[in-house]
Amino acid sequence: MDQRAYNQYCATARTLDIVGERWTLLLIRELLTGPKRFGDLQASLRGLGTGLLAARLKHLEREGLARKITLPPPARTPAYALTEAGEELGAPVLALARWGLRWAMGERHDTDTFHPGWAVLGLRACFDAEAAAGLRAVYEFRVDDEVFHARVDDGTIEALHGPAQHPDAVITIGEDAFVDVTGQRLTLADAIKTGAASASGDRAALRELTKLFPLPPARERD
């Protein structure tokens, strides 16, 4: 597939030549949370056809942003993972997410797909390292059937798919309420009060939760 180019000797233009095609940055987003099989990527990116997905993955391989791997046992199946260059796109992708939380989210449309697991990157994007100074805690989030966790360690964060081994606090919430919380139409505290969510575990860790992951105030684009 021919890639369109801006033909400008400019770092921004050259970067967009590589990652500016539709779906490319979303593939990077998916791979930033760990290796994914072809089917995993298809499931997360509804609307991306098989042929175009294959073409975009070949493009990422050709540009040195992704590579094929074999998952460790017990899976032992082919998958895709980011290279060092691909991993370095994490910072700009998180910056785009922070911008989007402030300026672009708005209301969810009926046709919008949503996967709670996308919040793994959202946690990284919203994380306040200063608020986490001196804190060590593991938070597990259960959104319907999807589970992910965040390990906070003295100003650093590791957010991953799957359950935590020894969570200090567990937040359980339904998808609809979770969408409302991330869209800032509902606070987590109110969701707990109404029974749309529950929280258990260490009370001190729970009190720090909203300080650790503050959502930027949503604004209208003039």
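Here are a few things to note about the model shown:
- Cβ-Cβ contacts under 7 Å between residues 6 or more apart (or on different chains), taken from a first residue in segment 163-189 that is under 13 Å from Leu215 (Cα atoms) to a second residue that is among the aliphatic types (A, V, I, L, M) and open to solvent by 60 Å² or more (accessible area, probe 1.4 Å), are listed as Gly183/Met105; Gln184/Leu215; Gln184/Ala218.
- Among the candidates Gly39, Gly64, residue that is part of a loop (DSSP other than H, G, I, E, B) and modelled with pLDDT of 95 or more: Gly64
- Scanning segment 124-171 for residues that are over 15 Å from the mean Cα position of the chain (by Cα) and either within 24 Å of Pro217 (Cα to Cα) or not in a strand (DSSP E or B) (or both) yields a total of 22.
- Tally of residues being within 17 Å of Cys126 (Cα to Cα) and either outside any helix (DSSP H, G or I) or at pLDDT below 95 (or both) across segment 172-184: 6
- One residue stands out in segment 30-51 among those that are open to solvent by 50 Å² or more (accessible area, probe 1.4 Å) and in contact with a Ser or Thr (Cβ under 9 Å, 6 or more places away or on another chain): the one that is farthest from Arg4 (Cα to Cα), namely Arg37.
Yes/no matrix, rows are residues, columns are (1) touching a helix residue (DSSP H, G or I) at 6+ places or on another chain (Cβ under 8 Å); (2) of a type in the set (D, E, K, R); (3) under 18 Å from Leu209 (Cβ atoms); (4) open to solvent by 60 Å² or more (accessible area, probe 1.4 Å):
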residue	(1), (2), (3), (4)
Arg98	yes, yes, no, yes
Ala125	yes, no, yes, no
Glu130	no, yes, yes, yes
Asp144	yes, yes, no, yes
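- Tabulated pairs, segment 63-92, first touching a residue at least 40 places away in the same chain (Cβ under 8 Å) and farther than 14 Å from Ile18 by Cα, second part of a strand (DSSP E or B) and among the polar types (S, T, N, Q), C-beta under 9 angstrom, 6+ apart or interchain: Thr77/Thr70; Pro78/Thr70; Ala79/Thr70
The values are calculated or read from the model by the stated rules, or taken from the named source; none is laboratory data. Predicted model, so just to flag it, every value in this text is computed and none were measured. When we count neighbours, we look across all protein chains shown, and the Cβ atoms used for this are built from the backbone with ideal geometry, even at glycine. What goes into the accessible areas is simple: the full protein's heavy atoms, side chains included, and nothing from ligands, DNA or RNA. Shrake-Rupley method; radii C 1.70, N 1.55, O 1.52, S 1.80 Å.
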